[in-house]
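Each value in this text was obtained by applying a stated rule to the coordinates, not by laboratory testing. In this text, all values refer to a predicted model and were calculated from it rather than measured experimentally. Cβ atoms come from the backbone with ideal geometry, glycine included; neighbour counts cover every protein chain shown.
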Amino acid sequence: MAVDTRPRPAVGHLPETPTARVDAAVGELAERKQRWAELDIERRIEYLRGLSQGTLRVARGQIEAAAAAQGVPFASTAAGEEWLGGPYVSLRTIRLLTRTLESIRDTGTPPIDPDDVRVRANGRVAVRVFPGSLLDRLLYSGFDAEVWMQSEVTPDNLTDNAAAFYRQPTPRGKVALVLGAGNVSSIGPLDAVQKLFAEGQVVLLKLNPVNEYLGPFIEDAFSTLVRDGYFRVVYGGAEVGSYLTRHPGIDEIHVTGSDRTHDAIVFGPGEEGAARKAANRPLLDKRITSELGNVSPVILVPGEWSRADLRFHAENVATQMVQNAGFNCNACKVIVTHRHWPQRRAFMDALRDVLRSLPERPAYYPGAEERYDRFLNAHPGSEVLGRRRPGFLPPALMPDLDPAARDLPAFQSESFCAITGETALGGVDAAEFLARAVEFCNGTLHGTLNACIVVDPKSRRRLGPALDEALEALRYGSIAINHWPALSYGLGSTTWGAYPGHTLDDIQSGIGVVHNTLLFDRPEKSVIDGPFRVTPKPPWFVTHKRGAEVGARLTELEADPALAKVPGVVLAALRG
């Protein structure tokens, strides 16, 4: 099935769902929640296949709407980001989850190959989850990913710690409220997929007003689930969300957003809410899971880099800063460098050059200008790398931040716009620097969602076991070597969420994971390892000239994997 190429107009503002209709939607879901919990797995697989077809069917119209809403051309690199962060990752996750349910149907367990299971030096279990196919190896040559398990998991009980919902003899139906994020189009739908197919719950999705225009496309894609009463979408702002979180018909809640939004839901707003949080007295007696962002670090291990190396990783870090105009929970917020690295200045100058060369794009997310100014004003010496005008915010750097100033906003708050800090640490060599960087990230930066380590092959060999020790010690839910940890969001087989252990009164980056299509119950973190440099240029780079074309081709490939489609993807990527 090909992507629909018929032109469709962008969807404008949608009216708030009246309270009576909200109540009716919750009631309809409540009536069907037990039926869904007990549904035959073959029927679930059919729903997933229908969802895949629906997601492809609406893909082009969805991208047109997103491009119009964000003020970017349909064929631009920015629109390519929408393909990759929207229908592509949705289709990939749906496909992999379908494969898992087919394996549970046929064998009783997810498709975990014993050859992909290893015990690390510390005795913990790691499962290789990527590449999972010949197509993966062709398209992502040199990339590898593992999910590292919590201490209770052993090779012998691994399958007993996977797919918990499908091991229940008599599952209890529940209504889940998913509060969708306003920045990335796949977040809300994939959070709903998590609740529906991983946890066996019917779903009410409330969209964020920022991207509520996606609603008709989502309802179309989920049409069979809507028809049969297992999925509903409602619209509105904070008042609708607050009403729903306290609705007696809602059994569980999943939030994607900020820790402030989470705390307002759990403890209430204002001084009373702060007092409740201090006393750990939640307003709600419901299970609440969440993904709440991060002050994401990129650690640059010192080495001897060529001019091409410097340029590649300047583009790599710039992508992590400004993709989606910086409105990403996993955006690079602090660059951690070695104070005595001879190429520190050369790298930062290369990064400045890349940032200055990027086309301007609208700062479409509400509050961006206020946050941008607040961070600039709080950090003297900040650099604005471009021309600022109303509605447009050029990238900005806050260099030479004092790592001992733990309370700096750059370290404690997610700016959620295209502004990033840089700080330098000491160390007699790369190994000592890396150990200090781990201590700094764990002890100073807010959040535990994702982190990146960039290390060249020679330095990696010199580090020896120090790199694995750093990966072990970093308390982040996803860690990527040499590439943007957003890959952990996009691969589907990896987990996406905070490092485990947070509580409602100290939420940091949240509780629980999503995606995780092998349905591991006790993951600790996902670790992605990629080459120091790759050719052709990754399509997610903001400097890729054919991002929209590659994104569209990858979307079609995920909807119907076939080796014959690979040359078209590669040719488009090479032109970037």
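The distance from the alpha carbon centre of segment 510-576 to that of segment 30-104 is 15 Å, rounded to a whole number. The C-alpha atoms of the chain define a longest principal axis, and helix 270-279 lies at about 90 degrees to it.
Each other residue within a Cβ distance under 14 Å of C332 adds +1 if Lys or Arg and -1 if Asp or Glu, for a net charge of -2. Among the listed values [x] 17, 42, 30, 10, 1, 0; [y] 21, 59, 20, 0; [z] 17, 38, 25, 16, 5, 0, the one computed from these coordinates for P(r) over Cα pairs in 20 Å bins from 0, in percent is [y]. Against the main long axis of the alpha-carbon atoms of the chain, helix 430-443 sits at an angle near 40°. Here the peptides 519-527, 15-23 are ranked by packing, the mean other Cβ count within 10 Å, and the order with the highest first is 519-527, 15-23. Packing, taken as the mean count of other beta carbons within 10 Å per residue, orders the peptides 192-203, 136-147, 104-115 from highest to lowest as 192-203, 136-147, 104-115. Each label point was placed 7 Å from the Cα along the Cα-to-Cβ direction; for R43 and E370 their separation is 4.8 nm. Between the helical axis of 368-378 and the longest alpha-carbon principal axis of the chain there is an angle of about 40 degrees. Which residues in segment 232-271 have a backbone N closer than 20 Å to a point placed 7 Å from the Cα of D285 along the Cα-to-Cβ line? Backbone N within reach: 243-254, 265-268.
Of K195/K537; K458/K565; K33/K565; K333/K537; K195/K458, which ones are farther than 32 Å apart at the Cα? K195/K537; K458/K565; K33/K565; K195/K458, as the Cα separations exceed 32 Å there. Tally Lys/Arg at +1 and Asp/Glu at -1 over every other residue whose Cβ is under 11 Å from the Cβ of V153; what's the total? So the surrounding residues net to -3. Taking a sphere under 12 Å around the Cβ of E369 and counting the other residues whose Cβ falls inside, with K and R at +1 and D and E at -1, yields a net charge of +2. For a straight C-alpha distance cut-off of 24 angstrom, the lysines reachable from K277 (same-chain residues fewer than eight places away being disregarded) are K286.
A simple spin-label model places the labels of D468 and S357 3.8 nm from each other, with each point 7 Å out along Cα-to-Cβ. In whole Å, how far is the Cα centre of segment 284-349 from that of segment 227-253? If we compute the Cα centre of each part, the gap is 36 Å. Backbone geometry of segment 138-145 corresponds, through the Karplus equation with coefficients 6.51, -1.76 and 1.60 at θ = phi - 60°, to 3J(HN,Hα) couplings of 6, 7, 10, 4, x, 8, 9, 9 Hz, x marking Gly and Pro.
When only Cα pairs below 8 angstrom with a gap of at least 6 residues are kept, the chain shows a relative contact order of 20 percent.
Label separation (D407 vs H446): 1.4 nm, computed from points 7 Å beyond Cα along the C-beta direction. DSSP beta bridges confined to the chain are antiparallel in about 35 percent of cases. The slack in the chain from R246 to L138, taken as 0.36 nm per residue of separation less the alpha-carbon distance, amounts to 34.0 nm.
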